[in-house]
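Input: a single structure, listed below in structure tokens.
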Amino acid sequence: MELQALFPLALARVQLRLDPWDLALLMQEVLALRGEAEGNPEPGCAWTGDINGIWQVHRLEAFAAITAEVERQAWSYLEQLGFRAGSVALHVQRAWPVVSEAGQVVGRHHHPNAHLSAVLYLNGDGTGRCGCLRLFPPRQPNELVPGLAVGHGEPIDSASAGGRQWNAPWLDVAPQAGLLVLFPARTDHAVTANEDDDDLRLSLAFDLALTAPLAEPGDPAPPEYLAPHPAQWSAVAAPA
Ligand SMILES: [Fe+2]
């Protein structure tokens, strides 16, 4: 019997060859942006720049080169998914650092504001000790009875080869310095605890949005299900 994998979710992993000196500078910048903060308001949660006023690192000079590289990789991801060249415009909507102290986590969430998410790890040795990115499947189509893959009693052995391939409740990605991952922004994800007492875990997160390309006079209308380019939106004044 052959089981065929249908409709896979596309996780991109790219190991960027970054100069260790450049990585060190980025880490220094991130720590300076974090300042005295040690975490988010929720107890045990890592410090995430997006809710602490540091949500536009893509507009800072120190992050210009790495942002450009993330943008190149995002185009490559779209190309590999089958997007036609020139058919969409891509926007970095928000970009922020994340710093996990020992024991800190980021709870399960997704990014409904965006279409494509990217994370670049500034450190990490590939073991996952400093906390893994945990990606959750959008659905568990093979657990047959909803809830079995994570429920108690374990009729599905998720450690078996079959369980891992067909009923994995999540997939963990271990940070490695220079590793970039990209995935659909609607994918639920979390960050597991930093179990390294001696080291911070540092990453940069990017949210990207797809729209229609900027339409010039005489161009065809934007594709039906893509928002027109934001430069062609009209702001609606709030009521007085
Ligand atoms: Fe996230």
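Every number in this text was worked out from the coordinates using simple rules, so none of it is lab data. Owing to the predicted nature of the structure, the values given are computational and were not obtained by experimental measurement. All Cβ positions, glycine included, derive from the backbone under ideal geometry; neighbour counts span all protein chains shown.
Adding -39500 (n - 2.57) for every DSSP H run of four residues or longer, then dividing by how many residues the chain holds, sets the calculated 222 nm ellipticity at -5000 deg cm²/dmol.
Considering only Glu79, Glu36, Glu143, the mean-square fluctuation computed in a Gaussian network model of the chain, springs between alpha carbons under 10 angstrom, is largest for Glu36.
Considering the convex hull of the alpha carbon atoms of region 183-240, report its projected area averaged over all viewing directions, in nm², one decimal.
Details: hull surface 34.1 nm².
Spelled out: convex hull of the Cα atoms, projected over all directions, averaged, 8.5 nm².
Along its three principal directions, the equivalent ellipsoid of region 102-239 from the Cα gyration tensor extends over semi-axes of 36, 23, 14 Å, largest first. Assuming a ≥ b ≥ c are the square roots of the Cα gyration tensor eigenvalues, decide whether region 1-56 counts as rounded (a/c under 1.5), prolate (otherwise, with a/b larger than b/c) or oblate. Judged from the Cα gyration tensor, region 1-56 comes out oblate (a/c at least 1.5, b/c at or above a/b). Comparing Ala46, Ala37, Ala118 in a Gaussian network model of the chain where C-alpha atoms under 10 Å apart are linked, the largest mean-square fluctuation is found at Ala37. Computed over the alpha-carbon atoms, the chain gives an Rg to Rh ratio of 1.00, Rh here being the Kirkwood radius from the mean inverse distance.
Relative protection proxy for 120-129, 212-221, from highest mean packing down: 120-129, 212-221 (other beta-carbon atoms within 10 angstrom). Structure remark: mean-square fluctuation, Gaussian network model of the chain, C-alpha springs under 10 Å; the largest value among Ala74, Ala62, Ala185 belongs to Ala62.
The fraction of Cα-Cα pairs per 5 angstrom bin, counted from 0 for region 23-155, comes to 2, 8, 14, 17, 18, 16, 11, 8, 5, 2, 0 percent, rounded to whole percents.
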